[in-house]
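Working notes for the structure below.
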Amino acid sequence: MNVMRYQNLMVGDGLSDHHLYPFACNELSSFIDLGYSRLPKDVKAFIFRDCLTAFRLLPDMNTPAAISAANLLLKSVESAFPKQKKNLAIVQFKQAKVALKRRTKSHEEHIDTPSLPQDILVQIFSLINVSSLLSSSQVSRSWNLATYEGSLWRSLFDLHFNCKIEIHIHPGFDWREAFKNECIVYNSAKMLRSGRGYCSNCDTVVWHDNFKCPKKQCQFESGKELLDPMLTHQVVNYLLGITSSSDESDSVESGSEESGSVESDSFESDTDDESVPGLWARPTKHTERFHTL
């Protein structure tokens, strides 16, 4: 059963995706830190394999978020894996770091990428999801500037929050900041942090695709309905087969380190203090509210 659950999570798919890679590494770290000792050997073997894959793919990712997540994963590996597997993973990580340095140096010396006009960058960025947009802001100064374009964040705001709240727009209104604030209030921030959502149509934990199930059939059937968000500790509980334990959920969350997270004390208290009836239970949705910015 644990093996089937792990396979259903498709961690490998997350590792091979450029913007999901940090989330997948963080998830592996949580599996190791919070549940490795309780997992059967066959699941441990899958986790070990995916850790090696994560380190092997690191040079292809080459973003600050990816490097940070890989370093966090290495710490988890060093603290929990048996000696032989730990040594193999460390060797793979060191080889990846060498390849990453060589690739970065080669890129700086031989590739001179011309800067695209800002309007073209904005047009391109309008086609990608939130996680990719945030990653793009770290590429260069011109890309960072383009990602602050208000029209991008207004479109995202309309997509995720327009039907839920009422806002007052004024001159100089910052749509990016408005989107960030609403993410803190709603569970969407946690979706961005974990990359996971629960799809009620296929009854599966999935890597969300711009807050949608990646399966086309589910997207068609759900229409504009967004996925229910999931925290990393809920995914760990799912893998462990924990179906009812609010106390364990809280303790798991408190022990988990995640990089690049968007969170606040008030936001955490909205959900984590509530009783979690079980991992499979769809996370409690907040009632709709009206908010004036």
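The values are calculated or read from the model by the stated rules, or taken from the named source; none is laboratory data. The model shown is predicted, which means the values in this text are computed figures rather than measured ones. Note: ideal-geometry Cβ built from the backbone for every residue, glycine included; neighbour counts use all protein chains shown. Calculation scope for accessible area: heavy atoms of the full protein, side chains included, ligands and nucleic acids excluded. Shrake-Rupley method; radii C 1.70, N 1.55, O 1.52, S 1.80 Å.
Restricting to the stretch 136-146, and then to whatever is part of a helix (DSSP H, G or I) and in contact (Cβ under 8 Å) with a residue 24 or more places away in the chain, can you tell me which residue is most open to solvent (accessible area, probe 1.4 Å)? So that I can check it myself, show each step before the final result.
Let us first name the residues in the stretch 136-146 that are part of a helix (DSSP H, G or I), namely 136, 141-146.
Narrowing further to those that are in contact (Cβ under 8 Å) with a residue 24 or more places away in the chain: 142, 145-146.
Numbers: SER142: 37, LEU145: 115, ALA146: 2 Å².
Taking the candidates together, the pick is LEU145.
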Inset, instruction - Determine whether the stretch 4-24 contains at least one residue that is under 15 Å from ASN237 (Cα atoms), of a type outside the set (D, E, K, R), under 15 Å from the mean Cα position of the chain (by Cα) and part of a helix (DSSP H, G or I). - result: yes
Inset, instruction - Output the qualifying pairs, or none if there are none: Cβ atoms under 8 angstrom, residues six or more apart or on different chains, first residue in the stretch 117-134 and touching a residue at least 24 places away in the same chain (Cβ under 8 Å), second residue assigned to a loop (DSSP other than H, G, I, E, B) and of a type in the set (A, V, I, L, M). - result: SER131/LEU20
Inset, instruction - For residues that are at pLDDT 80 or above and either open to solvent by less than 50 Å² (accessible area, probe 1.4 Å) or not hydrophobic (A, V, I, L, M, F, W, C) (or both), scanning just the stretch 125-135, find the one that is nearest to ASP17 (Cα to Cα). - result: LEU133
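Sort out which residues of the stretch 51-68 are open to solvent by less than 40 Å² (accessible area, probe 1.4 Å) and among the aliphatic types (A, V, I, L, M), and write them in order of number.
ALA54, LEU57, LEU58, MET61, ALA65, ALA66
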Inset, instruction - Select from the stretch 18-50 the residues that are among the charged types (D, E, K, R) and open to solvent by 50 Å² or more (accessible area, probe 1.4 Å) and list them in ascending order. - result: ASP33, ARG38, LYS41, ASP42, ARG49
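Restricting to the stretch 9-66, count the residues that are aliphatic (A, V, I, L, M) and more than 24 Å from ASN87 (Cβ to Cβ). Give the steps one after another, and end with the answer.
The initial filter retains those residues of the stretch 9-66 that are aliphatic (A, V, I, L, M), namely 9-11, 15, 20, 24, 28, 32, 34, 39, 43, 45, 47, 52, 54, 57-58, 61, 65-66.
Then keep just the ones that are more than 24 Å from ASN87 (Cβ to Cβ); that gives 9-10, 20, 65.
The number of residues fulfilling the criteria is 4.
What do you reckon, is THR113 under 30 Å from ILE32 (Cβ atoms), surrounded by fewer than 16 Cβ atoms within 10 Å (Cβ to Cβ) and at pLDDT below 85? Steps first, please.
On the way: under 30 Å from ILE32 (Cβ atoms): no; surrounded by fewer than 16 Cβ atoms within 10 Å (Cβ to Cβ): yes; at pLDDT below 85: yes.
No, not satisfied.
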Inset, instruction - Name every residue in the stretch 69-81 that is polar (S, T, N, Q), closer than 26 Å to MET4 by Cβ and open to solvent by 10 Å² or more (accessible area, probe 1.4 Å), in order of residue number. - result: none
Inset, instruction - Could you check ASN2 against (1) over 23 Å from ILE128 (Cα atoms); (2) crowded, with 22+ Cβ neighbours inside 10 Å and say which number it fails? - result: (2)
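Restricting attention to helices (runs of 4 or more DSSP H) lying wholly within the stretch 147-261, give those where 1 or more residues are within 19 Å of LEU133 (Cα to Cα) and either open to solvent by 20 Å² or more (accessible area, probe 1.4 Å) or modelled with pLDDT under 75 (or both).
Details: elements: 150-160, 175-185, 188-194, 216-222, 232-240, 246-254.
Answer list for the stretch 147-261: 150-160, 175-185, 188-194.
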